[in-house]
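The values are calculated or read from the model by the stated rules, or taken from the named source; none is laboratory data. Quantities reported herein were computed from a predicted structural model and do not represent experimental measurements. Please note: Cβ atoms are built from the backbone with ideal geometry, for glycine as well, and neighbour counts cover all protein chains shown. SASA here: full protein model, heavy atoms, side chains in, ligands and nucleic acids out. Shrake-Rupley method; radii C 1.70, N 1.55, O 1.52, S 1.80 Å.
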Amino acid sequence: MQASFMKSLIALILLMFLTHTTVIQAEINNQLENPQSATPESVAAGEKIYKRYCQLCHGEDGTGSPPREAGFPASSNLVDSEWDHGSTDGDIYNVIQNGVEPEMAMEPWFDRLSETDIWNVVNYLRAIAKK
Ligand code: HEC
């Protein structure tokens, strides 16, 4: 009785672990579609977030900056057509959400920005890149 209960419990925990891992993998590998259309409101919300959290490293105009500390990669230009970590909205979303390994000089923002926040920033970057 006790042993079979333990077995079921272990099976359940394993199952939960497996499904959880699969979900995270899917989020990272999928070509995510941007669900947030680039309305003026979305771009304005993205601008606020950019100015607060991103401008320090990527510059007011998004053109990036030299490394602030020795050994750190330079902060990327976010308004040219070169993307080191993928150019789709989904790729950019993933970089902002999960950071860039291994240095993590570009840190992950999932703990501070909601999904909507991140899509708004992506829309803002697209908007300033066009100018
Ligand atoms: C502490 C400095 C710093 C802050 C703050 C920062 N970044 Fe970065 N970011 C970097 C660096 C450095 C890289 C280059 C990482 C690499 O290539 O290893 C980078 C890379 C990126 C890239 C990938 C560009 C490419 O070419 O693929 C995107 C997109 C990006 N940052 C967006 C943002 C956004 C949006 C924010 C604000 C939420 C932000 N960053 C905040 C330093 C920063």
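Below are the figures for this structure:
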read-out: Scan of segment 67-90 for residues that are at pLDDT below 90 and either more than 10 Å from the ligand (Cβ to nearest atom) or not assigned by TED's automatic domain parsing to the domain that holds Thr116 (or both), ordered by number; value: Ala70, Gly71
read-out: Selection count, segment 33-92, where residues are surrounded by fewer than 17 Cβ atoms within 10 Å (Cβ to Cβ) and at positive phi; value: 4
read-out: Where Met106 falls short, out of the listed (1) out of contact with any His (no Cβ under 9 Å at 6 or more places or on another chain); (2) in a loop (DSSP other than H, G, I, E, B); (3) open to solvent by 40 Å² or more (accessible area, probe 1.4 Å); value: (1)
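Rundown of residues vs (1) within 12 Å of Gly46 (Cβ to Cβ); (2) not small (Gly, Ala, Ser), yes/no style:
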| site | (1), (2) |
| --- | --- |
| Asp84 | no, yes |
| Ile92 | yes, yes |
| Ala105 | no, no |
| Ile118 | yes, yes |
| Ile128 | yes, yes |
